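The values are calculated or read from the model by the stated rules, or taken from the named source; none is laboratory data. Remember, it's a predicted structure, so these values are computed and weren't measured experimentally. FYI the Cβ positions are ideal-geometry reconstructions off the backbone, even for glycines, and counts take in every protein chain you see.
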Amino acid sequence: MNTIKACIFDLDGVIVDTAIYHYKAWKRLANSLGFDFTEHQNEQLKGVSRVRSLQLILGWGNVTKTEAEQEELATQKNTWYMEMVNQMTPAEILPGAKEFLQACRAVGLKIALGSASKNSMTILDKLNLTDMFDAVIDGNKVSKAKPDPEVFLAGAQALGMQPEECVVFEDAIAGVEAALAGDMKVVGIGSPDVLVGANLVIKGLDEMTLNKLYKL
Ligand code: BG6
Ligand code: MG
């Protein structure tokens, strides 16, 4: 029996590829502190909160900063990041994302966003996608980072759904783990070698169909 009534989408890496902007802003920050930051290191920050990302980067650069200094650095990074985000247009929506959101809406599935990003609302606005979501749970609304299921459970609750009625779409392993910990089905966006445990792994939402969704 088909019990799926809602989809909960991660934002960065699922709906839009902001990783390059995060990378550029973190690299600029690392360089300003006298060390470099690689794309490989950036990969490890997918789904990781801003503060935790900064702590990891400072560790890689062997730099120690007080809590107050860390706050300033995180704010500086976000200012540089938002300069790029503010230039974004709907052309940057990842292939198939808008089409799949529309397909879900057309059959009455509820849709929520479940993202660690505190900038989610601005990004959805830039992409003209705000109206597609019945609920938005972002980094401002949760206190426990993925792989804790808090963000997705809050999404299900905001939609009035039980966890087992929801399917999560995630590109980060911590996000896949969060969905599973919340007793939800999960579609991984990326590589099956990385997204272990996902019920289905696809390369992008352009490969997703309602048929695949109902077969999960
Ligand atoms: C996640 C990204 O979606 O959001 C991470 O994958 C990012 O790279 C995190 O650090 C927090 O984002 P923001 O916009 O609040 O700094
Ligand atoms: Mg992501």
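Scanning the range 155-172 for residues that are within 16 Å of ligand 1 (Cβ to nearest atom) and under 17 Å from Gly108 (Cα atoms) gives Gly155, Val168.
Listed here are the residues, each with its yes/no results for (1) crowded, with 17+ Cβ neighbours inside 10 Å; (2) under 28 Å from Ala178 (Cβ atoms); (3) at pLDDT below 95.
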residue	(1), (2), (3)
His22	yes, yes, no
Phe35	no, no, no
Thr79	no, no, no
Ala91	no, no, no
Pro95	no, yes, no
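Checking Gly108, Gly47, Gly34 one by one, the residue that is more than 20 Å from Met184 (Cβ to Cβ), assigned to a loop (DSSP other than H, G, I, E, B) and of a type in the set (Gly, Ala, Ser) is Gly34 and no other. Checked against the criterion of being over 23 Å from Met88 (Cα atoms) and among the acidic types (Asp, Glu), the range 2-21 has no qualifying residue. Just one of the listed residues (Asn62, Asn2) is at pLDDT 95 or above and more than 15 Å from ligand 1 (Cβ to nearest atom), namely Asn62. Within the range 130-152, the only residue that satisfies the criterion of being more than 15 Å from the chain's Cα centre (by Cα) and closer than 28 Å to Gln44 by Cβ is Ser143. In the range 22-55, the qualifying residues are those that are more than 10 Å from ligand 1 (Cβ to nearest atom) and more than 30 Å from Ala91 (Cβ to Cβ), and the one that is farthest from the chain's Cα centre (by Cα) is Gly34. Restricting Val151, Val186 to those that are closer than 14 Å to Ala198 by Cβ, buried (at least 24 other Cβ atoms within 10 Å of the Cβ) and not assigned by the TED database to the domain that holds Ser49 reduces the list to Val186. Residue check: is Glu83 part of a helix (DSSP H, G or I), under 26 Å from Asp125 (Cα atoms) and more than 15 Å from the chain's Cα centre (by Cα)? Yes; evaluated as a whole, the condition is true for this residue. The number of residues in the range 203-212 that are within 16 Å of the chain's Cα centre (by Cα) and of a type in the set (A, V, I, L, M) comes to 1.
Residues are listed down the side, and each one gets a yes or a no for (1) within 13 Å of ligand 2 (Cβ to nearest atom); (2) not hydrophobic (A, V, I, L, M, F, W, C):
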position: Ala158; (1), (2): no, no
position: Phe169; (1), (2): yes, no
position: Ala174; (1), (2): yes, no
position: Gly182; (1), (2): no, yes
position: Ile189; (1), (2): yes, no
position: Leu200; (1), (2): no, no
position: Asp206; (1), (2): no, yes
position: Leu210; (1), (2): no, no
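Out of curiosity, is Met121 assigned by the TED database to the domain that holds Glu170, surrounded by 13 or more Cβ atoms within 10 Å (Cβ to Cβ) and over 29 Å from Thr3 (Cβ atoms)? For Met121, the condition - assigned by the TED database to the domain that holds Glu170, surrounded by 13 or more Cβ atoms within 10 Å (Cβ to Cβ) and over 29 Å from Thr3 (Cβ atoms) - is met.
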